[in-house]
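Data first, discussion second: the structure below is written as structure tokens.
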Amino acid sequence: MEIQQLLLKFKFHILIASTFSIFIFALIYLAPRFLDVVKYFWPLLLSTALFLVAVVLFGWISPPVAEVSGEKAGEGILDFVAGQPEQLQPHLHEELREHEVGGGGGGEEGESSKVA
């Protein structure tokens, strides 16, 4: 009688453990063998390994880049992507003023819109 009570008390535990065991057994029985998977994917595994070796070698061989004085890493490219670099801005403002004063350039843009 005590065994029946214990079985009823732990029936969910026993059911979950047996279901998990059947699942693991079916997975092992139905899944392909590890060597079959390696045989199928060997080109991918080899190319990935060679790429990682190349990355490590280039990182080891290449000297670290010397930073520009006072400039943090990536700050120059951020200035370029975000807008005009500070060195070019005065030059561009002068060109814009000359363009406005000069009347729009050589007149090539307006000729295509004229009707004959």
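Residues that are farther than 30 Å from ILE3 by Cα and at pLDDT 95 or above within segment 14-38 are absent altogether.
The number of residues in segment 26-41 being surrounded by fewer than 10 Cβ atoms within 10 Å (Cβ to Cβ) and in a loop (DSSP other than H, G, I, E, B) comes to 2. Test PHE23 against the criterion of being open to solvent by 100 Å² or more (accessible area, probe 1.4 Å) and part of a helix (DSSP H, G or I), and give yes or no. Judged against the criteria, PHE23 is a match.
The values are calculated or read from the model by the stated rules, or taken from the named source; none is laboratory data. Remember, it's a predicted structure, so these values are computed and weren't measured experimentally. Because the Cβ atoms are built from the backbone with ideal geometry, glycine has one as well, and the counts that use them run over all protein chains shown. Surface areas here come from the heavy atoms of the whole protein model, side chains and all, with no ligands, DNA or RNA. Shrake-Rupley method; radii C 1.70, N 1.55, O 1.52, S 1.80 Å.
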